[in-house]
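Working notes, structure below.
The values are calculated or read from the model by the stated rules, or taken from the named source; none is laboratory data. Note that the structure is predicted; figures quoted are calculated from it, not measured. Cβ placement follows ideal geometry from the backbone for every residue including glycine, while neighbour counts extend to all protein chains displayed.
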Amino acid sequence: MIPTLAVAPIHFPPDDMVMNDFWQPFMTYVNVIPIVAVAWLALRRWMPGERVLVLSALVGGAVASLLEPMVDHLGLVFFAPDGQWTMLRFYGRATPWFILPCFVWYTGGQALLTLWLLRRGLTMKRLFTIYGFYVLTNVLMEIPAIAAGVYSYSGPQPFEIAGLPLWFQSLNAASPIVAAAVIHTLGQKRGWHPALAVAVIPGAHVVANAVPGWPMWAALNTTRSLAVTYPVALITIALACLLVYLIGLAVTEPAAPASPAATGLTGRTEAAVDEVGPRGDLAVAPGDGSVVLPATQADQHVDVGPRVP
């Protein structure tokens, strides 16, 4: 007989959580503003003529909100149940309506923004700058709500600032980047249709949370010790950064080369071939007027022989 281990919940929400009468309607309605802003910018500035893609991305963000109870269950997030305007009940917990518009612009809308930037050309450095901006945006969104008692993080949460564990934001911020990268890559393939963004964006949200987040989910639900969750949180944050880096390898462009003034070059981007060695190696003499090869090719040759007068 194979032994089994039943793990009972070890963390529970506070008993006295009551939804804030001001912050609940405020968060529900104020999140409509960035939706309108993103929709206008996408349709008029970022990608005019791609209405299907814009609408599908925003709808995909709305669909991704249905995953919130799963992520909250694993990450020990609890919304105040008393007085809540409940959107759905899943995993034994209630999720409020303000989550829906929040996901529309944060996940779907920021995916459109990232896609626009990718199309314009992003370096790895700028991609991580955007990632950091998304983390900061998430922090600024959540701290006031936590202070108002709208929801709370339970268990031994590490790296807390005003009740907000920062490891969680490293996952949320990766979601629109993963979604934009998939759309950017598949959008150039035969068989792609912009309406498929409805499925891509919630799928990207799962990837952005599960790939880096599983160590913290396991730790939070099996221990009460911060001595365990702090190092595990560092692993999760590192995995989130690694995920963004791997995405960047696929979709970013190399940084621009240094200017001639900075490198001491004359601006010449070609190299001359003076001699062909016995093994076919090329002797390169930059600045000569003989046979010219692209510098990227000439640099690959070794065993340069003596220069022919």
Task: Breaking point among (1) under 20 Å from the mean Cα position of the chain (by Cα); (2) under 23 Å from VAL104 (Cα atoms); (3) among the polar types (S, T, N, Q), for THR236 - done: (2)
Open item on the list: Could you go through the range 99-112 and let me know if any residue there is buried (at least 17 other Cβ atoms within 10 Å of the Cβ) and under 19 Å from GLU253 (Cα atoms).
Closed with: yes
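Each row is one residue, and each column tells you yes or no for (1) outside the structural domain of PHE78 (by TED's automatic domain parsing); (2) over 18 Å from CYS241 (Cα atoms); (3) at pLDDT 95 or above.
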residue	(1), (2), (3)
PHE103	no, yes, yes
TYR106	no, yes, yes
LYS125	no, no, yes
SER152	no, yes, no
GLY155	no, yes, no
SER170	no, no, yes
TODO: Could you list all residues from the range 224-237 that are small (Gly, Ala, Ser), out of contact with any strand residue (DSSP E or B) (no Cβ under 8 Å at 6 or more places or on another chain) and in contact (Cβ under 8 Å) with a residue 12 or more places away in the chain?
DONE: SER225
- [ ] Find the residue count for the range 182-194, including only residues that are within 21 Å of the chain's Cα centre (by Cα) and among the small types (Gly, Ala, Ser).
- [x] 1
Open item on the list: For a quick check of your reading of the model, give me the residue pairs whose first member lies in the range 127-144 and is over 19 Å from PHE103 (Cβ atoms), whose second is aromatic (Phe, Trp, Tyr) and surrounded by fewer than 17 Cβ atoms within 10 Å (Cβ to Cβ), with beta-carbon atoms closer than 9 Å and at least 6 apart or on different chains.
Closed with: LEU127/TYR245; PHE128/TYR245
Task: Hey, PRO215 at pLDDT 95 or above, outside any helix (DSSP H, G or I) and surrounded by fewer than 23 Cβ atoms within 10 Å (Cβ to Cβ) or not - done: no
